[in-house]
Amino acid sequence: MSKGHPKEKLEKYRQLLENKREALLKELGYLEDNSMNSTITESTGDISAYSFHMADQGTDAMEREKAFLFASREGRFLYHLNQALGRIEEGSYGRCEECGELISEERLTAVPHARFCISCKTKEDARKAAKIS
């Protein structure tokens, strides 16, 4: 098995992951502050929630649901970023979890939380697609 990525590259990936993580946490905080924790009265500024038409309430409920789904998806992304940072600490970052080969620098730059090389990821996606159909 070949040696891992050089330390300076690992530091570059760590910084990239930390920047993505910080931006994501800010985004999730914004969502929580502005969408998920607000009441109808808070979101509209109207002091009487009873004056709303049912369609307005439906729209508000739909917006809250979209915000929740987005936060859920972003939460999974945050988990993957944290896992990648952990792999840097333990020394396994940048190595494919399937075949053990180094993941290309191009792939890690594009998807810094990648766990698989392109070849193994393609195979995994094909297996998942076969299960669905």
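Every number here is computed from the coordinates shown, using simple stated rules; none is lab data. None of the values given here were measured: they were computed from a predicted structure. Neighbour counts run over all protein chains shown; Cβ positions are idealised from the backbone, glycine included.
Pull up the cross-link candidates among the lysines for Lys20, meaning alpha carbon to alpha carbon under 21 Å and not fewer than 8 places away within one chain.
Qualifying lysines at Cα under 21 Å: Lys7, Lys9, Lys12.
Identify the GluC sites (Glu not before Pro) of the stretch 77-132 meeting these criteria: DSSP loop state and at most 15 other C-beta atoms within 10 Å of the C-beta.
Sparse-neighbourhood loop GluC sites (Glu not before Pro): Glu97, Glu98, Glu101.
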